[in-house]
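Asks: Before anything else, here's the structure in question.
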Amino acid sequence: MSGWGRKVFWKNVSVTEAPEGFGIALDGRAIKTPAKAPLLLPTRALADLVAAEWAAQTGEVKPETMPATRAANAALDKVTGQFAEVAGLLTAYGETDLLCYRAEAPVELAERQRAGWDPLLAWSADRFGVRWSITSGVMPTPQNPETLALLGAHVARFTPFELTAFHDLVAMSGSLVIGLAVTEGIAPVESLWDVSRIDEDWQVEQWGEDDEASRLTLHRRTAFLDAARFFAACRC
């Protein structure tokens with residue numbers, strides 16, 4: 001976004017409509033991305049989300065409070081030109097998906113993992129026709145190449161805007177399956193985040209959590225929820 005770090009100078013934020021998509025205008029002047037491309041959004045819902053971030057700015061423009069704007073910029077300036085690479089990177093998470101690596105002990109943790117993760121793996125197997133290899137410990141276990149191919153074909157059908165949001169869903173949760181579950185709306189987003197945190201929450205229960213870890217967890221959760229909101233707006 002051109003104008004990062006500048007003071008708020010506009011009085012009116014509006015959504016404009018064109019054949020190519022929806023734009024954002026500040027006092028009638030169209031916003032551009034950092035690469036100077038027109039900031040055009042694919043849906044009105046997404047444009048409204050971005051416009052609301054601009055309207056909420058006071059004093060200095062604060063990029064950290066504008067996740068939808070930052071994601072839209074990334075979709076246009078980065079992901080669009082590197083779509084295949086990004087899609088491949090995210091599909092590769094399936095090779096070591098969080099949900100496939102289980103604890104043998106303690107029994108309580110192993111049971112939490114089964115209760116939280118088995119239903120998601122079963123859903124993905126039914127939805128996408130895939131088969132997962134589940135292992136104990138941390139040593140990598142190869143997944144069926146057909147599984148990754150099927151999931152990769154699905155990921156490749158996302159738009160650049162959807163893929164941008166999907167990136168954070170997968171990266172923040174550590175799971176391709178959880179990311180897909182969010183995009184399919186099979187459970188509340190907050191509960192899917194909680195499922196991704198089973199191991200970490202167990203450790204906190206045993207040993208406590210320091211302030212830095214708490215801040216990192218909050219940051220990752222916020223990014224996950226923001227990405228889910230962005231993805232949903234892409235589909236409205």
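The values are calculated or read from the model by the stated rules, or taken from the named source; none is laboratory data. Quick caveat: nothing in here was measured; it's all calculated off a predicted structure. Ideal geometry is used to build each Cβ from the backbone, glycine not excepted, and the neighbour counts take in all protein chains shown. Accessible surface is based on the protein model in full, side chains and every heavy atom, while ligands, DNA and RNA are left aside. Shrake-Rupley method; radii C 1.70, N 1.55, O 1.52, S 1.80 Å.
Asks: What are the pairs, 6+ residues apart or on separate chains, where a residue within the range 142-166 that is touching a residue at least 60 places away in the same chain (Cβ under 8 Å) and more than 17 Å from Gly185 (Cβ to Cβ) has its Cβ under 6 Å from a residue that is of a type in the set (Ser, Thr, Tyr) and part of a helix (DSSP H, G or I)?
Replies: As it stands, the answer is Leu151/Thr91; Gly152/Thr91; Pro160/Thr80, since those pairs meet every condition given.
Asks: Scan the range 1-33 for residues that are surrounded by 12 or more Cβ atoms within 10 Å (Cβ to Cβ), at pLDDT 95 or above and out of contact with any strand residue (DSSP E or B) (no Cβ under 9 Å at 6 or more places or on another chain) and report the count.
Replies: Of the residues in that region, 1 qualify.
Asks: If you check every pair at least six apart or on different chains, which have Cβ atoms under 7 Å apart with a residue in the range 207-227 that is touching a residue at least 12 places away in the same chain (Cβ under 8 Å) first and a residue that is among the charged types (D, E, K, R) second?
Replies: Ala223/Asp168; Phe224/Asp168; Ala227/Asp168
Asks: From the list Val79, Val107, Val130, pick out the single residue that is touching a Ser or Thr at 6+ places or on another chain (Cβ under 7 Å) and without any contact (Cβ under 8 Å) to a residue 40 or more places away in the chain.
Replies: Values: Val79 fails: without any contact (Cβ under 8 Å) to a residue 40 or more places away in the chain; Val107 fails: touching a Ser or Thr at 6+ places or on another chain (Cβ under 7 Å).
Checking each option against the conditions leaves just Val130.
Asks: Ala45 - would you say it is modelled with pLDDT of 95 or more, closer than 23 Å to Ala165 by Cβ and open to solvent by 40 Å² or more (accessible area, probe 1.4 Å)? I'd like the intermediate steps shown before the answer.
Replies: Details: modelled with pLDDT of 95 or more: yes; closer than 23 Å to Ala165 by Cβ: yes; open to solvent by 40 Å² or more (accessible area, probe 1.4 Å): no.
So Ala45 does not fit the description; no.
Asks: For the condition assigned to a helix (DSSP H, G or I) and of a type in the set (Ser, Thr, Tyr), what is the one hit in Thr91, Thr58? Give the steps one after another, and end with the answer.
Replies: Numbers: Thr58 fails: assigned to a helix (DSSP H, G or I).
Of the residues listed, the single one that is assigned to a helix (DSSP H, G or I) and of a type in the set (Ser, Thr, Tyr) is Thr91.
Asks: Right, next: Could you list, in sequence order, the residues of the range 53-69 that are within 21 Å of the chain's Cα centre (by Cα) and of a type in the set (Asp, Glu)?
Replies: Within the range 53-69, Glu53, Glu64 meet the criteria.
Asks: If Cys100 satisfies all but one of (1) open to solvent by less than 30 Å² (accessible area, probe 1.4 Å); (2) in contact with a helix residue (DSSP H, G or I) (Cβ under 6 Å, 6 or more places away or on another chain); (3) in contact (Cβ under 8 Å) with a residue 40 or more places away in the chain; (4) closer than 30 Å to Gly137 by Cβ, what's the number of the condition it fails?
Replies: (2)
Asks: Right, something else. Out of the residues in the range 171-210 that are open to solvent by 40 Å² or more (accessible area, probe 1.4 Å) and small (Gly, Ala, Ser), state the one that is farthest from Asp118 (Cα to Cα). Explain how you work it out, then say what you get.
Replies: Quick first cut of the range 171-210, residues open to solvent by 40 Å² or more (accessible area, probe 1.4 Å) only: 184-186, 188, 190-191, 194, 199-201, 203-210.
Next, from what is left, pick out any that are small (Gly, Ala, Ser): 185, 191, 208.
Values: Gly185: 17, Ser191: 15, Gly208: 27 Å.
The selected residue is Gly208.
Asks: Taking into account only those residues within the range 118-134 that are open to solvent by less than 40 Å² (accessible area, probe 1.4 Å) and either modelled with pLDDT under 95 or among the aliphatic types (A, V, I, L, M) (or both), which is nearest to Ile186 (Cα to Cα)?
Replies: Leu120
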